[in-house]
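Structure record follows, encoded as structure tokens.
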Amino acid sequence: MYTRHEDNKTVTETIPALDFIQKLIVHIPEKHFKMLRYYGIYAKHHKQEKKLLVLEIYHKKLHYLNNIERL
């Protein structure tokens, strides 16, 4: 089952088992192929930056909520 992007319609397709396995095998990488797991903000070297950003947003939210309660 998949959603066809042209008309956003859900399509159910019945195929033989060997055809399914053949379509599945296409997605298996070659032996010793290096897969890129995390990049951008998900990369490990951004961990400290993300912690600081989350803390900053959390403190701003607390400050905002405290100001609302005073009203």
Can you confirm whether E30 is of a type in the set (D, E) and either surrounded by fewer than 10 Cβ atoms within 10 Å (Cβ to Cβ) or touching a Leu at 6+ places or on another chain (Cβ under 7 Å) (or both)? yes
Hey, does segment 26-41 have a residue that's under 25 Å from the mean Cα position of the chain (by Cα), in a helix (DSSP H, G or I) and of a type outside the set (G, A, S)? yes
Test: K51 is surrounded by 10 or more Cβ atoms within 10 Å (Cβ to Cβ), modelled with pLDDT of 85 or more, part of a helix (DSSP H, G or I) and not acidic (D, E): no
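The values are calculated or read from the model by the stated rules, or taken from the named source; none is laboratory data. No experiment lies behind these values; they were computed from the predicted model shown. Here the Cβ is made from the backbone with ideal geometry for all residues, glycine too, and neighbour counts use every protein chain on show.
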